[in-house]
Amino acid sequence: MMKLPDGPKTHPLLQLLLWMIDTLGYMEGADQRYGDIFTARLGSKSKPIIYVSNPEAIQQILNGESKQFDNPGNQLFKPILGENSLIVLTGDSHRRHRQLIMPSFHGSRLKAYGELICNITEQVFSQLTPGEAFSARSATENISGQVILNSVFGISKGERLQKLDQLISSVLEFAKYPLASSLFFLPFLRKDLGRWSPWGYVCYLIRQIDELLYAEIQERRQQYDPERTDILNLLMSARDEAGEPMTDEELRDELITLVFGGKDGLASAMAWSLYWVHHLPDVAEKLLQELDSLGPSPDPLSIVRLPYLSAVCKEILRISPVEIQAQPRVVVSPAEFMGYELPPGTVLMPSIYLLHRREDLYPEPQQFKPERFLEKQFSYYEYLPFGGGSRRCIGAAFAEFAIKLVLVTTLSRYQLRLAGNRPVRPVLSGLNLVPSDGVKMVFLGLRANVGFKGEPSLSECA
């Protein structure tokens, strides 16, 4: 057996620099030259990182969790998310938090979020005037921000919420720059030299966010209302197997994780959905025909079960997944892996981006073809837009639900068109695959027959 898969031979520091500057180009180049399993060395002190886009290998990784491969948690973002974040936690602590949070995103809770999502979408688009040019990404950032904050805190207005939204947007905007990325991958750059230094600016923003979050937690504990159904209230009510609730610090870390993890990625997926259905009019027409089959005022749960709408959503998340790679696993003892003998400490990185572009799985992978998901059932190891195993995104069902309802609300109620004919390419911004130009569109106004079967509005959809 060979010790490690082949991979780029350039100096580890140069590989890290190339990865930070052009992550997609680095991965595509290595994949073309070395195949669907290759070794990267990102930094002089970095452990070998095995990038994997082979379904059989991904299956071995996910099936080997807790046996051969450890879930180290994403420690890169611990300085911002905190040591109690679900993304950071490992082992029993991770399982405990996941069990406490999971009920907030499933079952009857999704139906409760339906009317909220539809109403916020209408509010955002109703502010546009016919003939006005706008950025779809900016509109969906507004929608996702309001949806996330309202779902998490149960309020849509107020000085505290407005300030929190502004601060979170500032952090996410800063995180899009390569300099910001380097702060997480090169710890020696994390020096708080005051708010005008890069890391000092991040710390300054996080301190303000913490002040607002702890004030909200304290107020909600003092004025606890068991009838409230927002996520914060559900987390405060949750108890683990020992009957223990979350501490203020645990609540803070999970709240900031939910808001940061949801807002930017959800906005990108929503923007991509608007791009593809307007770039391909046949897709939009098929969606409208399918929606008509439900009759007037369908409920959200009926909408999201529509086969073609589901296929469109799946194809959006295939061609532009929310995350480009699943959370890494670490080899805990010498392991045989796809004909290689991996030493302890080796990092295994399932590449969602490369997996979703495999020609053998997805013929013409650069083309948007929802029908592929109607014609074939892809396995758990062939399609994983939200990661896999115990590290699969806990908000995946909520995200798909929101993407579908925003798309349906917009498509059935408003007339939009793309501002140009040039194809929009994906670029990596921060952690998300975003449209290169934000998707420039023109608002044409209300549709002639608004809503389903001429209904006046989708705000009644729940």
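The values are calculated or read from the model by the stated rules, or taken from the named source; none is laboratory data. Keep in mind the model is a prediction, meaning the values are calculated, not measured. Virtual Cβ from ideal backbone geometry, glycine too; neighbours counted across all protein chains shown. With ligands, DNA and RNA removed, areas are computed over all heavy atoms of the protein, side chains included. Shrake-Rupley method; radii C 1.70, N 1.55, O 1.52, S 1.80 Å.
Take the Cβ atoms of V427 and E359, set R0 to 35 Å, and the FRET efficiency comes out at 0.95. Peptides 354-362, 299-307 ranked from most to least packed give 354-362, 299-307, packing being the mean of other C-beta atoms within 10 angstrom over each peptide's residues. With only the Cα atoms considered, the chain has a convex hull volume of 152 Å³ per residue. Bridging of K67 to lysines at a Cα separation below 24 Å is possible for K3, K47, once same-chain residues fewer than 8 apart are set aside. If the chain linking T90 and E132 were pulled fully straight, counting 0.36 nm for each residue of separation and taking away their Cα-Cα distance, it would gain 10.3 nm. Each peptide in 410-421, 383-394 gets a packing score, the mean of other Cβ atoms within 10 Å over its residues, and the list from highest to lowest is 383-394, 410-421. Counting only protein heavy atoms and a probe of 1.4 Å, the accessible surface of the chain is 52% carbon and sulfur.
Working note: Karplus 6.51/-1.76/1.60 with θ = phi - 60° gives segment 373-386 the couplings 8, 8, 8, 9, 9, 8, 6, 4, 9, 9, 9, 9, x, 10 Hz, where Gly and Pro are set to x.
Run the reach check for K286 against aspartates and glutamates, Cα to Cα strictly under 13 Å, same-chain hits fewer than 8 apart removed. What comes back? Result set, ordered by chain and number: E371. The radius of gyration of the Cα set in segment 305-426, together with its Dmax, comes out at 17.5, 58 angstrom. Bridgeable aspartates and glutamates around K369 (alpha carbons under 12 Å apart, same-chain partners fewer than 8 residues away excluded): D282, E315.
Remark: C-alpha extents of segment 56-164 on the principal axes read 58, 34, 33 Å, sorted largest to smallest. Ranked from largest, the principal axis spans of the Cα set of segment 258-327 equal 40, 26, 17 Å. Fully extending the segment from E336 to E83 would add 87.9 nm, taking 0.36 nm per residue of separation and subtracting the current Cα-Cα distance.
By how many nm would the segment from R221 to E249 lengthen if fully extended, with 0.36 nm per residue of separation less the alpha-carbon distance?
8.7 nm
Mean Kyte-Doolittle hydropathy of -0.5 or higher plus an axial Cα length of 15 Å or more: which whole DSSP H helices in the chain meet both?
108-126, 136-153, 159-174, 198-222, 248-279, 281-292, 307-319, 396-413
Backbone N atoms of segment 112-132 closer than 16 Å to the 7 Å Cα→Cβ label point of K176 are not found in any residue.
Considering only Cα atoms, the convex hull volume of segment 96-136 works out to 90 Å³ per residue.
Between the beta carbons of L294 and A448, assuming R0 = 22 Å, the FRET efficiency works out to 0.70 to the nearest 0.05. Amide H contacts of V52 (H built 1.01 Å from N, in plane; Pro and chain starts excluded): M349, S351 sit under 5 Å, all sequence-distant by 5 or more or on other chains.
Accessible area per residue of the chain at 1.4 Å probe, in Å²? Don't skip to the end; give the middle numbers.
Details: 20490 Å² over 462 residues.
On a per-residue basis, the chain sits at 44 Å².
When each of the peptides 264-271, 195-202, 56-63 is scored by how many other beta carbons lie within 10 Å of its residues on average, the order from highest to lowest is 264-271, 56-63, 195-202.
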